[in-house]
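First up is the structure itself, then whatever we jot down about it.
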Amino acid sequence: MENKVDQANKVLLSAKLTESDVYPVSEIFTFHPEFAEVSDFKLLELNQHLEEELEKGDTLYINGSSSDNTVLCTNTNTFNVFTAETSNSLLISNGLKLHNNIKDEKEKCVHDVTVVGISYEYFVVAQIKPDFNKVKQLLSTTVYRGKEHEYEVDESKLLTFEDLWMKTQASKEELKSTIKDLNVVTINNKLRILEFEYHFRVLSFMLKLIDEFSWNLEQICYEETVNSLVDLVPSDIINSMFSMYTEETKMIDGVQLYRYKEREVCRFFAQVLLYSAGKFNFKDFMQAWEESVPEGMKVEENMLHGIALINRKSMPNVIWMFSEFDLPDTINDRFKVLFEAKERWSYEEIAPYIARLTTDKLDVNALLAKHARNFKVNDVKYYSSKHLK
């Protein structure tokens, strides 16, 4: 009886190949007695990112509710999953040796490979951005308005980070970024959005300490801030707000000091003025805005990008609230809303409204090239709807 090596050599001869044309390792496929079209196995085509994550030993997750589309998450990215069909037969086997497993083999040998199933479809992925609005929706049911209103909150709807992550289709890092963008605070390990007026009240308490202690804007003391407000504001909120609005500056006598982030503070006070004002005379707004921020901070018009729109065609010029957080999460709907609100945009104006929808392959410029047309006026590039008449 022919041995398996001789059988392999006959196949090579039939294919007009010699032993020197191939690796010395041959593999013979045999079909399992219960071979069939299988549903127990699902095939997933890996892109470079997914392959690298698995090679590092990281885990892939499928998150969301039963009514959501299938989404696959790594620790940093989120992918839509959909089915691709192929006219080729995809054999599912045990013990198959690939190039890296046999490239160093020297002796002629044959391995048996058992085929346990066959498939004519597989899953492929496309990177997407998380559903920002769903995160907002889940957290909006338990908005924090102060201790005196906590009896109104349904405790069963309070969510930890892990709870929220399991309910949303997002990687952990993207979810952390979304939580940061929403100015979410952690109270007793539960994630909470602060009511706008309450947020303003707490930040005002914090900023008033600058005058009370005659602090230099570069030398804000964390411990004094907490000790001064602990009877007015829960410590968890002070900690979250302090992290949100300050950054480290210097150490003096072993004490870490901080400064308030000028851009973040100024942007929030701009929103305070615009929150319920409707359209605001732009000149009056700029004066009120400058007077509202702590002494020593300077407001700049570019700080308004992503939170407000200015109409320079009206007389007088007017400004109104137009927050990126309130726009649709789908890119086509977002561009539709943007160009309905304003006919033409400079890059600096429109970029903050679409930056959150960028992916590894589509940056802001790529999204603009795909969804908008550009033109120049006095050497300044503007963007408008591709379907503008």
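Kindly establish whether GLU51 is out of contact with any helix residue (DSSP H, G or I) (no Cβ under 8 Å at 6 or more places or on another chain), surrounded by fewer than 12 Cβ atoms within 10 Å (Cβ to Cβ), at pLDDT below 80 and not hydroxyl-bearing (Ser, Thr, Tyr). I'd like the intermediate steps shown before the answer.
Numbers: out of contact with any helix residue (DSSP H, G or I) (no Cβ under 8 Å at 6 or more places or on another chain): yes; surrounded by fewer than 12 Cβ atoms within 10 Å (Cβ to Cβ): yes; at pLDDT below 80: no; not hydroxyl-bearing (Ser, Thr, Tyr): yes.
No, not satisfied.
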### Message
Looking only at helices (runs of 4 or more DSSP H) that lie completely in the stretch 200-305, which have at least 2 residues being surrounded by fewer than 15 Cβ atoms within 10 Å (Cβ to Cβ)?
### Response
222-229, 235-245, 282-292
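Specify which of the listed residues (SER14, SER26, SER119) is surrounded by fewer than 12 Cβ atoms within 10 Å (Cβ to Cβ) and among the small types (Gly, Ala, Ser). Write out each step before concluding.
Values: SER26 fails: surrounded by fewer than 12 Cβ atoms within 10 Å (Cβ to Cβ); SER119 fails: surrounded by fewer than 12 Cβ atoms within 10 Å (Cβ to Cβ).
Going through SER14, SER26, SER119 in turn, the sole match is SER14.
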### Query
Does ASN302 meet the test of being out of contact with any Phe, Trp or Tyr (no Cβ under 8 Å at 6 or more places or on another chain) and touching a residue at least 12 places away in the same chain (Cβ under 8 Å)?
yes
## Note on the structure
Restricted to the stretch 252-285 and to residues being more than 17 Å from LEU217 (Cβ to Cβ) and of a type in the set (A, V, I, L, M), the residue farthest from the chain's Cα centre (by Cα) is ALA277
### Task
From (1) under 30 Å from ASP363 (Cα atoms); (2) in a strand (DSSP E or B); (3) among the acidic types (Asp, Glu), pick out the condition that doesn't hold for GLU53.
(2)
### Message
Restricting to the stretch 147-175, count the residues that are surrounded by fewer than 16 Cβ atoms within 10 Å (Cβ to Cβ) and either under 17 Å from ILE237 (Cα atoms) or touching a residue at least 60 places away in the same chain (Cβ under 8 Å) (or both).
### Response
7
### Query
Among the residues of the stretch 123-139 satisfying the criterion of being modelled with pLDDT of 90 or more and part of a helix (DSSP H, G or I), which is surrounded by the most Cβ atoms within 10 Å (Cβ to Cβ)?
VAL135
### Query
Is there a residue in the stretch 288-303 that is more than 30 Å from the chain's Cα centre (by Cα), modelled with pLDDT under 95, of a type in the set (Phe, Trp, Tyr) and under 28 Å from TYR347 (Cβ atoms)?
no
### Query
When both residues are 6+ apart or on different chains and their Cβ atoms are under 7 Å apart, which pairs have a first residue that lies in the stretch 312-333 and is within 26 Å of THR358 (Cα to Cα), and a second that is surrounded by fewer than 14 Cβ atoms within 10 Å (Cβ to Cβ) and of a type in the set (Ser, Thr, Tyr)?
MET321/TYR275
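Among the listed residues ASN80, ASN94, which satisfies the condition of being free of Cβ contacts under 8 Å to residues at least 60 places away in the same chain and either assigned by TED's automatic domain parsing to the domain that holds LEU357 or farther than 30 Å from GLU162 by Cβ (or both)? Step through it out loud before you land on a result.
Working: ASN80 fails: either assigned by TED's automatic domain parsing to the domain that holds LEU357 or farther than 30 Å from GLU162 by Cβ (or both).
Only one candidate passes the filter, namely ASN94.
Would you check if VAL226 is free of Cβ contacts under 8 Å to residues at least 60 places away in the same chain and in the same structural domain as GLU148 (by TED's automatic domain parsing)? Let's see the steps before the verdict.
Numbers: free of Cβ contacts under 8 Å to residues at least 60 places away in the same chain: yes; in the same structural domain as GLU148 (by TED's automatic domain parsing): no.
So VAL226 fails the test.
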### Task
Please enumerate the residues belonging to the stretch 23-48 that are modelled with pLDDT of 75 or more, more than 30 Å from THR359 (Cβ to Cβ) and in a loop (DSSP other than H, G, I, E, B).
TYR23, PRO24
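Can LYS376 be described as touching a residue at least 24 places away in the same chain (Cβ under 8 Å), surrounded by fewer than 14 Cβ atoms within 10 Å (Cβ to Cβ) and part of a strand (DSSP E or B)? Walk me through it before giving the result.
Values: touching a residue at least 24 places away in the same chain (Cβ under 8 Å): no; surrounded by fewer than 14 Cβ atoms within 10 Å (Cβ to Cβ): yes; part of a strand (DSSP E or B): yes.
Taking the combined requirement at face value, the residue does not satisfy it.
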#### Entry: Test result for LYS106, out of contact with any strand residue (DSSP E or B) (no Cβ under 9 Å at 6 or more places or on another chain), exposed (fewer than 12 other Cβ atoms within 10 Å of the Cβ), in the same structural domain as LEU91 (by TED's automatic domain parsing) and in contact (Cβ under 8 Å) with a residue 12 or more places away in the chain
yes
### Message
Just to be sure I understand the filter: pairs with C-beta atoms under 7 Å, separated by 6 or more residues or on different chains, first member in the stretch 347-370 and in a helix (DSSP H, G or I), second member surrounded by fewer than 16 Cβ atoms within 10 Å (Cβ to Cβ) and charged (D, E, K, R). Which pairs pass?
### Response
TYR347/LYS381
### Task
Look through THR142, THR186 and report the one residue that is outside any helix (DSSP H, G or I) and buried (at least 18 other Cβ atoms within 10 Å of the Cβ).
THR142
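The values are calculated or read from the model by the stated rules, or taken from the named source; none is laboratory data. Predicted model, so just to flag it, every value in this text is computed and none were measured. With ideal geometry, Cβ positions are generated from the backbone for all residues, glycine too; neighbour counts draw on all protein chains shown.
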